[in-house]
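To start, the structure under review is shown below, and the notes come after it.
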Amino acid sequence: MDQDHDTDHSTDHDTDHGTDQDTDHGTDRDTSPDRRAFVAPLLSSLLTLPMGLLALFAVGLSPMACDSCGDAASDRFDASYGLAFPVFVTGLLLVLAVLVAGWALPWQRRNAARRVGFALLAPAVVVLDYVVFASIVDWP
């Protein structure tokens with residue numbers, strides 16, 4: 001009776017191990033070309049680039065918010081803007097890097113989810129970049 005019990009355990013481990021290997025690697029190895037690989041980066045670029053330009057325009061006009069400020073408020077604003085603008089430009093470079101990463105992935109089906117992820121991340125980084133800029137600036 002003890003021998004039957006030991007045999008059952010070894011059989012269970014062998015069958016479990018075989019099924020795990022078959023299901024883990026089947027979908028990750030799909031290197032076939034993806035004919036629609038350009039769609040997500042293209043839509044992301046068409047949305048992100050105008051958003052970035054609009055945000056840059058708003059950031060460029062923001063010093064006019066303190067044209068009529070007193071000396072103390074103007075000094076605080078200028079000091080905070082001097083820090084916030086380079087942070088914003090660095091964020092725009094990060095947005096560009098995300099867009100390039102979405103385009104640069106190999107056009108294979110296995111990269112479709114990563115490509116869509118980069119495509120969704122790019123406009124979100126523009127919004128986050130502007131929010132960070134607005135939170136650094138000491139508005140009057």
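Miscellaneous remarks
- Spacing of the modelled spin labels on MET64 and LEU120, each 7 Å from Cα toward Cβ, amounts to 3.7 nm.
- Surface per residue (accessible, 1.4 Å probe) for region 61-140, Å²: 58 Å²
- Extending 7 Å from Cα along the Cβ direction at GLN108 and again at ASP30 yields two label points whose distance is 1.3 nm.
- Approximate shape of region 44-86 as ellipsoid semi-axes (Cα gyration tensor, √5λ), whole Å, largest first: 28, 10, 4
- Using the Cβ-Cβ distance between SER80 and LEU49 with R0 set to 25 Å, the FRET efficiency works out to roughly 0.35.
- For ASP34, the residues whose modelled amide H falls within less than 5 Å of its own, excluding neighbours fewer than 5 places apart on the same chain, are GLN108, ARG109.
- Measuring r between the beta carbons of ASP71 and ILE136 and using R0 = 22 Å, the FRET efficiency lands at 0.55.
- Principal axis extents of the C-alpha atoms in region 71-140 (largest first, rounded to whole Å): 59, 14, 8.
The values are calculated or read from the model by the stated rules, or taken from the named source; none is laboratory data. Treat the numbers as computed from the prediction; the structure is a model and nothing was measured. Note: ideal-geometry Cβ built from the backbone for every residue, glycine included; neighbour counts use all protein chains shown. Keep in mind that these areas ignore ligands, DNA and RNA; they rest on the heavy atoms of the full protein, side chains included. Shrake-Rupley method; radii C 1.70, N 1.55, O 1.52, S 1.80 Å.
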